[in-house]
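The values are calculated or read from the model by the stated rules, or taken from the named source; none is laboratory data. Just so we're clear, the structure is a prediction, and the values are computed from it rather than from any experiment. FYI the Cβ positions are ideal-geometry reconstructions off the backbone, even for glycines, and counts take in every protein chain you see.
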Amino acid sequence: MVLRNLMKPKTGGAEPLSDDAALTQSGLLPGLEALPTVTLVLEKRTLRVAFANPSAESMLDLSRRQLMQMSWPELFANGDELVATIGAIAEHRFHATHLDAVLERPGREPLHVHVVVGFLESAPDYVLLELFENERHLRTDREERIHDLSIANKQLIRNLAHEIKNPLGGIRGAAQLLEFELGVRERQELREYTQVIVKESDRLQTLVDRLLEPHRHPHVVGDVNIHEVCERVRAVILAEFPRGLTIERDYDVSVPDLRGDKEQLIQALLNIVRNAAQALRERIGQGDARIALRTRVARKVTISKRLFKLALDLRVIDNGPGIPEDIRDRIFYPLVSGREDGSGLGLTLAQTFVQQHDGLIEVESRPGHTEFQILLPLVN
Ligand SMILES: Nc1ncnc2c1ncn2[C@@H]1O[C@H](COP(=O)(O)OP(=O)(O)OP(=O)(O)O)[C@@H](O)[C@H]1O
Ligand SMILES: [Mg+2]
């Protein structure tokens, strides 16, 4: 008690940073207090919170005093496991990085964090915990932006496509009438003009039809075996690229069926694998082009702010040149293409189909390695 009074700053009645005299006397607390990293100090023997810095208060949504008075493992989905691991680490004094924990804050998204356990030389009876937001969580912000943007895009595309579709029919029809009126004796040159109009109208019509594709087909839901989807896509692409391309299968056969529209999923995967094969043209010539189809089950996955217990993680990996840097951030937008004859719709459609299954497509690419990841929820 005497000690605690001594510890109080001389000016005003501000509270001490910790109730633990030994910790306070170590002189470490002002430094930890100022750290931007989320920092907790636990008493080694009991593992109760002896100190929490403001960053920790903000991440955990609790005041320092509340944290010191409560049983902190309750805050984590895997609290018991954390206590056991941290206890073992503290006992043997070895540092641990990337201990995974899931913070459950009432009314907010569960937060995946990495916990780093360390020691304080001048306070040997304490354990230092630093909490870092897991990349997977940071990813959700990006996912959310992709999701919002894609909803806005879809509206725009749909309206635009309808606006183009109607007059297009008129233009094509008028060109055909004109051609008819020209008669057999008219100069061939003039007929070529009308044919250009008809041909270009048809090309636009195909484009518009593809734009409207996801809105036209009703979403047919059934049990889908993802490996049947992969096998179908593999067969189609190998028929299109019969030489110089290997498509490896790396399947986890324990992946359960998912509920979804099989044809849509085939189309989505086909667009991604076909892009990879097209990008591999040079290697196909050399005979060492490779695409891998990999399936895995992922646990506790957040997709567009929703947490799913189980999801399918499907990867399409190729050893091609990588996505051109200038379009890398925009490849999921409509009409963005790096190929001369590309319409830039394949990935937009794939993303739309996967999103209709509450999933998401992401990509990482560098020369020699492009990896598309398709996440599809299996269990809520
Ligand atoms: N695996 C990949 N490797 C390298 N570049 C890729 C890969 N996948 C996609 N791309 C790039 O992304 C662009 C956009 O792909 P997307 O499928 O949306 O359109 P597209 O293939 O150009 O045309 P479409 O699919 O409509 O015929 C491609 O043109 C290509 O430049
Ligand atoms: Mg494509």
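Quick notes on this structure:
- Any hit, segment 200-220, residues being under 30 Å from LEU168 (Cβ atoms), at pLDDT 95 or above and within 28 Å of the chain's Cα centre (by Cα): no
- Residue, nearest to ligand 2 (Cβ to nearest atom), within segment 272-306, restricted to residues that are basic (Lys, Arg) and in contact with a Gly (Cβ under 8 Å, 6 or more places away or on another chain): ARG274
- The residue that is surrounded by the fewest Cβ atoms within 10 Å (Cβ to Cβ), among those in segment 296-345 that are part of a loop (DSSP other than H, G, I, E, B) and more than 11 Å from ligand 1 (Cβ to nearest atom), is LYS305.
- Test: residue in segment 48-57 that is of a type in the set (A, V, I, L, M) and modelled with pLDDT under 90: no
- Among residues that are within 12 Å of ligand 2 (Cβ to nearest atom), among the charged types (D, E, K, R) and within 24 Å of the chain's Cα centre (by Cα), ARG259 is not included.
- Within segment 275-295, residues that are farther than 20 Å from ARG232 by Cβ and part of a helix (DSSP H, G or I) reach partners that are of a type in the set (Gly, Ala, Ser) and away from ligand 2 (no atom under 16 Å from the Cβ) with beta carbons closer than 9 Å, at six or more positions or on different chains, in the pairs ARG281/ALA289; GLU282/ALA289; ARG283/GLY244; ARG283/ALA289; ILE284/GLY244; GLY285/GLY244; GLN286/GLY244.
- Tally, over segment 40-75, of residues that are closer than 18 Å to ILE89 by Cα and surrounded by fewer than 21 Cβ atoms within 10 Å (Cβ to Cβ): 7
- Among the candidates ALA279, ALA292, the residue that is under 22 Å from SER365 (Cα atoms), surrounded by 15 or more Cβ atoms within 10 Å (Cβ to Cβ), within 14 Å of ligand 1 (Cβ to nearest atom) and under 20 Å from the mean Cα position of the chain (by Cα) is uniquely ALA292.
Table: residues versus (1) away from ligand 2 (no atom under 16 Å from the Cβ); (2) in the same structural domain as ARG299 (by TED's automatic domain parsing); (3) at pLDDT below 95.
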| position | (1), (2), (3) |
| --- | --- |
| ASN319 | yes, yes, no |
| ARG328 | no, yes, yes |
| ILE331 | no, yes, yes |
| LEU335 | no, yes, yes |
| LEU349 | no, yes, yes |
| PHE353 | no, yes, yes |
| GLN356 | yes, yes, yes |
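- Any hit, segment 103-117, residues being of a type in the set (Gly, Ala, Ser) and in contact (Cβ under 8 Å) with a residue 60 or more places away in the chain: no
- Close pairs from segment 317-343: first under 15 Å from ALA277 (Cα atoms), partner polar (S, T, N, Q) and more than 6 Å from ligand 1 (Cβ to nearest atom), Cβ under 6 Å, at least 6 apart: GLY322/SER365; ILE323/SER365
- Residue list for segment 147-190, filter: aliphatic (A, V, I, L, M) and within 30 Å of PHE332 (Cα to Cα): LEU149, ILE151, ALA152, LEU156, ILE157, LEU160, ALA161, ILE164, LEU168
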